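Notes follow once the structure below has been shown.
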Amino acid sequence: MGLLSKIFGKKNVAERKGEPDMVYVPNEDERMNWAIEKARLTLWHFEESLKSPQEHQSYFSVKVRIMDGEIGEHIWLTEPHFDEEGNLFGTVGNDPVDVKTVKLDQKIGVDRDFISDWMIIEGGRLVGGYTLRAIRDGIPDKDKTDFDQSIGMYIDEGIDYFKMDNTTPEGAILCLENAYDERDIDKAVSCKDFYTEAKLMLQKMPNLDGDDDMIKQTAEVLELSFVKHTTEAEWPNFSTLKRAFPLREKITDDYWVITEICWYPDGGKSVQKLGTSKTATGWKVVGLVD
C-alpha cells in the first residue's frame with residue numbers, strides 16, 4: 001500500500017504502478033474547492049506560459065473533470081494546447097479508475113469549463129498544482145517529505161498569479177500594492193473602500209447608530225488620514241516580493257477576508273489578513289483585519 005493509501009484509507013485511493021497514488025477528496029472539502037477555484041482564476045498565467053515557454057519550464061499539464069454518465073473523475077492531460085476558442089486539447093496522462101470513456105495516452109478535447117487544475121515544472125519546482133498542494137496540506141507534516149518524493153518534485157509554499165484587476169479580492173489587493181509601488185496616491189485611493197471601512201469601524205463602537213451620514217463623514221476622515229499617512233511615510237515596496245493567497249473567508253456576500261503571504265528577497269516572510277468588499281465597480285480593499 002502506498003503512502004497516501006496509509007493516510008486516507010484504501011477506499012479513497014487508487015494505487016498506480018510507477019506514479020503517485022490518486023486521492024479522492026470529497027466535493028465538500030473547502031480546501032479542495034478553493035484549490036480548484038484558484039486554478040481557474042490563475043489559468044491565464046498557464047496559458048501565457050504555454051504560448052511562450054521558457055527554458056527552465058520543463059513540463060506542462062492540465063487536470064480536467066471527465067464525465068462517464070453520472071460518474072466523474074479528475075484526470076491529468078499531458079501535451080496540452082488551446083485552440084483559438086479556448087478549448088483544451090491534450091493526451092490522457094494516467095489510467096482512469098472510474099470512467100471508461102477515455103484511456104491512457106488517448107488524445108482528447110475538453111471544454112475549458114471542465115479544467116480543475118494546472119501545473120508547470122520549473123527547474124524541479126512546482127508552479128500551480130493547487131489540488132496537489134491541497135492534498136499535501138491535509139497530511140501530517142512528518143509525511144510531507146515522503147509525499148514530495150513520491151511525486152518527484154519540490155513543493156514550496158507557492159506563488160499565486162491572480163490578475164491585477166478588481167474582478168477578484170486578490171486582484172484588488174494586487175492593484176493597491178501596485179499603486180504603492182508606483183507611488184500613485186490617486187490610484188491607491190481608487191483601490192480602497194473607505195465607506196465599508198467606516199461602517200465596520202462604527203459597528204464596533206457602542207452607542208453609535210452609524211447612520212448613512214455618519215458613515216460618509218467617517219469615510220471622508222479615513223480617506224484623508226490614509227492619504228496623509230501614505231504620502232508622508234515611506235511608501236511600501238511590493239515590487240520584489242513573491243505573494244500567495246492561501247485562504248478566503250467569506251463573511252458576507254460582499255465582504256471577504258483574504259490571507260496574503262509575502263516572501264522577501266532576504267528570506268523573510270509576513271502574513272496579513274485584509275478585508276475586501278464587493279462594490280458596484282468591482283472588488284476594493286478595506287484594510288488590515290485585527
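For Leu174, neighbours were defined as the other residues whose beta-carbon sits under 11 Å from its Cβ, and their charges (Lys and Arg +1, Asp and Glu -1) total -4. Of the DSSP beta bridges with both residues in the chain, give the percent that are antiparallel, rounding to the nearest 5. Bridges in the chain that DSSP calls antiparallel: roughly 95 percent.
Going down the list Lys163/Lys228; Lys144/Lys187; Lys38/Lys100, which pairs span over 32 Å between their C-alpha atoms? Exceeds cut-off: Lys144/Lys187. Any idea what angle helix 141-151 forms with the longest principal axis of the chain, computed on alpha-carbon atoms, 0 to 90 degrees, nearest 10? Once rounded, the angle reads 50 degrees. Between Lys278, Lys204, Lys216, the GNM of the chain built on Cα springs shorter than 10 angstrom shows Lys204 fluctuating the most. Count Lys and Arg as plus one, Asp and Glu as minus one, and take only other residues whose Cβ is under 11 Å from that of Asp117; the net charge is then +4. Report note on the peptides 167-178, 219-230: ranked by the mean count of other C-beta atoms within 10 Å, highest first, their order is 167-178, 219-230. Here semi-axes √(5λ) of the Cα gyration tensor in Å was calculated from the structure, and among [x] 41, 20, 19; [y] 42, 22, 14; [z] 100, 34, 11 it sits at label [x].
Restricting to DSSP H runs of at least four residues, report the calculated mean residue ellipticity at 222 nm for the chain, -39500 (n - 2.57) per run over all residues, nearest 500 deg cm²/dmol. Mind showing how you got there, number by number?
Values: 9 runs with 97 residues, N = 290.
That comes out to -10000 deg cm²/dmol.
Quick note: the coordinates plus some simple rules give every number you see, no bench work behind them. Computed from a predicted structure; not experimentally measured. Note: ideal-geometry Cβ built from the backbone for every residue, glycine included; neighbour counts use all protein chains shown.
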